[in-house]
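Input: a single structure, listed below in structure tokens.
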Number of protein chains: 2
Amino acid sequence: MPQLRQIHTSQPSTSSAIDRSVPDFPVAAVDDESHYFASNEPPEYLDELVKEAQCFVDEHKSKGNKVVLVTSGGTTVPLENNTVRFIDNFSAGTRGATSAEYFLEEGYAVIFLHREFSLLPYSRHYSHTTNCFLDYMAEGKDGSLVIADKYRDEMHQVWKKYNEARDKNLLLLLPFTTVNQYLFSLRAIAQVMDTLGTSALLYLAAAVSDFFIPVSRMPEHKIQAQDHMEGGKLVVNLDPVPKFLRRLVDNWAPGAMITSFKLETDKDLLLRKCTQSLERYHHQLVIGNLLQTRKKEVVFVTNTKQQWYRLKDGDGENKEIESLIIPAVIQQHDEYIKNHA
Amino acid sequence: MPQLRQIHTSQPSTSSAIDRSVPDFPVAAVDDESHYFASNEPPEYLDELVKEAQCFVDEHKSKGNKVVLVTSGGTTVPLENNTVRFIDNFSAGTRGATSAEYFLEEGYAVIFLHREFSLLPYSRHYSHTTNCFLDYMAEGKDGSLVIADKYRDEMHQVWKKYNEARDKNLLLLLPFTTVNQYLFSLRAIAQVMDTLGTSALLYLAAAVSDFFIPVSRMPEHKIQAQDHMEGGKLVVNLDPVPKFLRRLVDNWAPGAMITSFKLETDKDLLLRKCTQSLERYHHQLVIGNLLQTRKKEVVFVTNTKQQWYRLKDGDGENKEIESLIIPAVIQQHDEYIKNHA
């Protein structure tokens, strides 16, 4: 028997995965924004990224399409003036990649701002599994390599959707790795999308780091890296990442509808945290979910209501909670557009 | 035109990627070993991993096969009693995954101890590329999904080798994520391989963290996570990882031939660091490489000689430096076996 099996090493524990005992940081004000973006370096490729986003948004604006920005995956915090060592947030990008597919099916143009090498729409069905890519192949009757019978039809459906999105230019993939790249990109894309007014939807599913090391302290950090040799220890000092969601709502894309996520482990805390988030940032929708049940149920929290969406016991394994989430978000987006007409 | 392009975000800078100005830590003694393994928790799946390794080694010992342990990819250091936030070492696992294929071609049985989701032998040709999995597919004449003409033959060759390794049970994939999982697994597998005597080869290509947080300090760390809220900062204290290579040589698999890697950015420093490593750990071979040229040239450093292996200018893009490295390592392994007969 083949021994090509995998022992699973990286599952987060559901009981203690997130320490929520600490209070939230203050909401970032205009000053914090100016300070952050003035004292940290934009990614080298930012101009190129903005150009692509602009081009994409212009095309879909002229076609009258709604455009959603989906953020996905975890951010890193480099510990040195290089990217060999960094702090990471665990996220495979499942929520973001899955959601993007459902937005595409509903006719949205999707800007997918994702952690590089995290899951992508469509290819997600075949990556990050224990199955090797090559396990989907077999030798056909004529001795050439073919897609194995048992996978061919389903893969064909996924391939068709993937190609349709590509051919119609409905999906723009933009990557990030560090939290700094993420923040600069988020601001720039939001500002580009502002031209869409209420047709823009921001769906913020990325797991963004709460802490970072300001570029101004990188040399200091290097000194510490030498200091540590005395006692053999390494000490890393991190600053809180400014809570920019309020800036997004007030300044970057004030016309857009904004959806954020809240991930908790304590059910009693979840609704309170969602409500607090709405009160702090003044946006339109918080989708709350618990780490242990996030693939089965979520709660929508707005200023006027709280509504749960749940998969039913009878739903098959292939039914995804995003098939309930996305239509509900879109319904709210449509009402938002109508109310702001 | 499709807009599914990728901006590359995570390339390490070659000029400053590794700070080598700090001196090396002391060599771990028997006491350090006892202390580390007594005061840190083994991974839950360790017994299962050992069982698989034992089974694999027994089979290939009875067949008279040589067995190589290839370690590959970067280790993580969790910052909390969960795996949401961690420090990571950048490594895609290219060296390890590529090397494993060449060992298999030369008839070695390969234990591939790798970072989960890093590159794997064979599938590496199709993952972590900017190409989506689905880009290799096309619709055939009969309208069904097939492998696109331009990829089919090459993929077929890779698929054949992959299946041969599988069918002959020549490749055992064992994953790790954290540095602690790596260390416990390395020791256990080395001890299992000790039964092979000189037929065992250890080829240590993983990028192992220099620092970690002892399990005993995890609660302390949580207190700090609250403390930090005063000033809004997070402070992380890390201990040096004991330098276990000497324990490996002296105790865990004293019969095996051991090859380690040294990655530097400063060419003047490289040979000195390789020599120092041999002197400190008393093993057989250090393969030195520079971050900027690691895919084009490496230097073998032993007690008696230093020899460079380089791709030639005329070599095509498909020629890999591992096609020179592995036969040279194997030649040295064969001499090692002969000398210890």
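The values are calculated or read from the model by the stated rules, or taken from the named source; none is laboratory data. This structure is a prediction, so every number in the text was calculated from the model and none was measured. Methodologically, a virtual Cβ is constructed for each residue, glycine included, from the backbone with ideal geometry; neighbour enumeration extends over all protein chains shown.
Each residue in the stretch A:181-215 was checked for being touching a Pro at 6+ places or on another chain (Cβ under 8 Å) and small (Gly, Ala, Ser), and 1 pass.
Look at the stretch A:38-51: where a residue is without any contact (Cβ under 8 Å) to a residue 60 or more places away in the chain and a partner is surrounded by 11 or more Cβ atoms within 10 Å (Cβ to Cβ) and hydrophobic (A, V, I, L, M, F, W, C), sitting 6+ places away or on another chain with Cβ atoms under 7 Å, you get A:45/B:7; A:48/B:7. When the criteria are applied in full, residue B:102 fails the requirement of being crowded, with 18+ Cβ neighbours inside 10 Å, on the phi > 0 side of the Ramachandran plot and either facing chain A (nearest Cβ under 9 Å) or within 16 Å of the chain's Cα centre (by Cα) (or both). Of the numbered criteria (1) among the hydroxyl-bearing types (Ser, Thr, Tyr); (2) buried (at least 17 other Cβ atoms within 10 Å of the Cβ); (3) at the interface with another protein chain (Cβ under 9 Å from one of its Cβ atoms), the one residue A:71 fails is (3).
What number of residues within the stretch A:166-182 are facing chain B (nearest Cβ under 8 Å) and in contact (Cβ under 8 Å) with a residue 24 or more places away in the chain? Residues in the stretch A:166-182 being facing chain B (nearest Cβ under 8 Å) and in contact (Cβ under 8 Å) with a residue 24 or more places away in the chain: 10 in total.
Test residue A:325 against the stated conditions and say whether it is more than 22 Å from residue A:26 (Cβ to Cβ), part of a helix (DSSP H, G or I) and among the aliphatic types (A, V, I, L, M).
yes
Scanning the stretch B:27-49 for residues that are within 11 Å of another protein chain (Cβ to nearest Cβ) and surrounded by 16 or more Cβ atoms within 10 Å (Cβ to Cβ) yields B:43, B:45, B:46, B:49.
Please pick out the residue among B:117, B:133 that is farther than 23 Å from residue B:187 by Cα and out of contact with any His (no Cβ under 6 Å at 6 or more places or on another chain).
Details: B:117 fails: farther than 23 Å from residue B:187 by Cα.
Every option except B:133 fails the conditions.
Close Cβ contacts (under 6 Å, 6 or more residues apart or on different chains) running from residues in the stretch B:95-113 that are touching a residue at least 12 places away in the same chain (Cβ under 8 Å) to residues that are basic (Lys, Arg) and in a helix (DSSP H, G or I) comprise B:97/B:124. Scanning the stretch B:27-50 for residues that are farther than 17 Å from residue B:202 by Cβ, of a type in the set (A, V, I, L, M, F, W, C) and either part of a helix (DSSP H, G or I) or in contact with a Cys (Cβ under 6 Å, 6 or more places away or on another chain) (or both) gives B:30, B:37, B:38, B:46.
Could you pull out the residue among A:92, A:97 that is buried (at least 17 other Cβ atoms within 10 Å of the Cβ), within 14 Å of chain B (Cβ to nearest Cβ), hydrophobic (A, V, I, L, M, F, W, C) and assigned to a helix (DSSP H, G or I)?
Numbers: A:92 fails: assigned to a helix (DSSP H, G or I).
Result: A:97 is the single residue among A:92, A:97 that is buried (at least 17 other Cβ atoms within 10 Å of the Cβ), within 14 Å of chain B (Cβ to nearest Cβ), hydrophobic (A, V, I, L, M, F, W, C) and assigned to a helix (DSSP H, G or I).
Given the criterion hydrophobic (A, V, I, L, M, F, W, C) and over 28 Å from residue A:284 (Cβ atoms), identify the matching residue among A:188, A:138. Write out each step before concluding.
Working: A:188 fails: over 28 Å from residue A:284 (Cβ atoms).
The conditions single out A:138.
Hey, can you tell me all the residues within the stretch A:51-67 that are part of a helix (DSSP H, G or I), among the aliphatic types (A, V, I, L, M) and more than 11 Å from every other protein chain (Cβ to nearest Cβ)? Show your work before the answer.
First, pick out the residues of the stretch A:51-67 that are part of a helix (DSSP H, G or I): A:51-62.
After this cut, where a residue has to be among the aliphatic types (A, V, I, L, M) as well, the list is A:53, A:57.
Hit for the stretch A:51-67 is A:57, nothing else.
Of the residues contained in the stretch A:151-166, none is found to be under 18 Å from the mean Cα position of the chain (by Cα), at pLDDT 95 or above and either surrounded by fewer than 18 Cβ atoms within 10 Å (Cβ to Cβ) or hydrophobic (A, V, I, L, M, F, W, C) (or both).
Against the numbered list (1) facing chain B (nearest Cβ under 10 Å); (2) small (Gly, Ala, Ser); (3) surrounded by fewer than 19 Cβ atoms within 10 Å (Cβ to Cβ); (4) within 24 Å of residue A:196 (Cα to Cα), residue A:138 comes up short only at (4).
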